[in-house]
Every structure is written in structure tokens, then in C-alpha cells.
Amino acid sequence: MDWSYSCPHCELPLNPEGRVVLRAEHGERRFLAGLHPQPGNYSVELPPGEEMAQGTRWEFFCPVCDHSLVSELSDDLCELDLHCDGETHRVYFSRIAGEEATFVVSAEGMLKDYGIHTDRYLERMVHSKYKR
């Protein structure tokens with residue numbers, strides 16, 4: 001399956017060569033991180049000597065337009081647009097290092113969730129979807 005990602009703000013591609021490349025920041029540390037494009041695969045490529053300590057909260061930015069990818073849905077989630085099989089979906093993923101929580105959402109609602117920590121967000125996502 002071919003997963004293509006773009007920034008929800010500038011709409012430019014973020015994984016032209018496989019990994020989803022985002023700018024990561026935590027305190028004074030700032031570098032490009034390569035995320036695996038398959039939802040639910042939590043492998044990350046970091047520059048030599050860099051690490052993301054378990055439990056630390058990272059800010060992710062589009063490396064093209066420099067816009068923060070933190071979601072309005074939750075301060076602990078970031079968002080990207082996923083293009084797959086001719087359709088576009090919104091992907092939310094945890095920005096807490098070591099936390100496995102990813103959600104693929106369409107205009108109609110939740111398509112799939114991945115990871116062992118999704119329960120921390122599901123109630124808030126359902127509430128947000130149906131409150132009016």
C-alpha cells in the first residue's frame with residue numbers, strides 16, 4: 001500500500017522518498033525526524049546522537065511552511081493529511097515519545113485506530129465528533 005502524506009496547512013508532500021520528514025523540537029533540541037509512513041508502525045529515524053526520551057512531549061512542524069502540526073483536537077496529538085487509494089484522510093498521532101496512539105479519520109468519522117494507548121484519546125475524539 002502506498003501512503004503519501006502532506007501538511008494540512010501548505011498541502012505540500014512530506015514523504016517523497018519513504019519516511020515522513022518532520023521538524024521535531026523539545027526545549028533547545030531541534031532536528032529532522034523520519035517517521036515510518038505505515039499507520040501503527042512507530043519506528044523513527046533520528047540524526048546520529050539524537051534520541052527522544054520516553055514520555056517527553058515533542059513539537060512537530062512542517063519542514064516546508066514551518067507551521068506547527070499540533071492538533072486542536074488534543075494538545076498531545078499532531079495531525080497530517082494522508083493520501084491513500086485516491087482518498088484523503090486526516091491522521092492524528094501522539095507527540096509523546098513512546099506513546100503508541102494513531103488515528104485515521106475521514107470526513108465520515110473514524111476509520112481505524114492503532115496503538116496500545118488509543119484509549120487515552122478515544123472518548124475525547126468521539127465527544128468532539130458528536131457535540132453540536
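To keep it simple, each residue is scored yes or no on (1) over 18 Å from Pro8 (Cα atoms); (2) out of contact with any strand residue (DSSP E or B) (no Cβ under 6 Å at 6 or more places or on another chain).
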position: Pro48; (1), (2): yes, yes
position: Ala53; (1), (2): yes, yes
position: Glu59; (1), (2): no, no
position: Asp66; (1), (2): no, yes
position: Glu99; (1), (2): yes, yes
position: His117; (1), (2): yes, yes
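Within segment 75-89, work out how many residues are open to solvent by 30 Å² or more (accessible area, probe 1.4 Å) and either farther than 15 Å from Cys7 by Cβ or not hydroxyl-bearing (Ser, Thr, Tyr) (or both).
Just the residues of segment 75-89 that are open to solvent by 30 Å² or more (accessible area, probe 1.4 Å), to begin with: 75-76, 83, 85-88.
From what is left, the residues that are either farther than 15 Å from Cys7 by Cβ or not hydroxyl-bearing (Ser, Thr, Tyr) (or both) are 75-76, 83, 85-87.
Total satisfying the criteria: 6.
For segment 1-26, residues that are modelled with pLDDT under 95 and more than 25 Å from Leu111 (Cβ to Cβ) total 1. If you check Glu17, Glu50, Glu11, Glu72 for being under 25 Å from Arg120 (Cβ atoms), open to solvent by 20 Å² or more (accessible area, probe 1.4 Å), in a loop (DSSP other than H, G, I, E, B) and of a type in the set (D, E, K, R), only one passes: Glu72.
The residues in segment 30-47 that are open to solvent by 60 Å² or more (accessible area, probe 1.4 Å) and more than 15 Å from the chain's Cα centre (by Cα) can be counted, and the count is 1. Tallying residues that are farther than 22 Å from His67 by Cβ and of a type in the set (S, T, N, Q) within segment 1-55 yields 4. In segment 35-62, the residues that are under 20 Å from Tyr114 (Cβ atoms) reach residues that are open to solvent by 50 Å² or more (accessible area, probe 1.4 Å) and acidic (Asp, Glu) with C-beta atoms within less than 6 angstrom, at least six apart or across chains, in these pairs: Tyr42/Glu100. Exactly one residue out of Val104, Val64 is at negative phi and in a strand (DSSP E or B): that is Val104. Using beta carbons and a limit of 6 Å, which pairs, at least six apart or on different chains, have the first residue in segment 1-17 and more than 12 Å from Pro63 (Cβ to Cβ) and among the hydrophobic types (A, V, I, L, M, F, W, C) and the second one assigned to a loop (DSSP other than H, G, I, E, B) and open to solvent by less than 60 Å² (accessible area, probe 1.4 Å)? Close Cβ pairs satisfying both conditions: Trp3/Pro37. Taken together, the residues in segment 59-103 that are touching a Gly at 6+ places or on another chain (Cβ under 7 Å) and of a type in the set (Ser, Thr, Tyr) amount to 1. Scanning segment 90-105 for residues that are open to solvent by less than 20 Å² (accessible area, probe 1.4 Å) and over 24 Å from Thr56 (Cα atoms) returns no hits.
Taking segment 77-97 as the range and being modelled with pLDDT of 95 or more and either among the polar types (S, T, N, Q) or not in a strand (DSSP E or B) (or both) as the test, the residues that pass are Ser94, Arg95, Ala97.
The values are calculated or read from the model by the stated rules, or taken from the named source; none is laboratory data. All values reported here derive from a predicted model rather than from experimental measurement. All Cβ positions, glycine included, derive from the backbone under ideal geometry; neighbour counts span all protein chains shown. Surface areas here come from the heavy atoms of the whole protein model, side chains and all, with no ligands, DNA or RNA. Shrake-Rupley method; radii C 1.70, N 1.55, O 1.52, S 1.80 Å.
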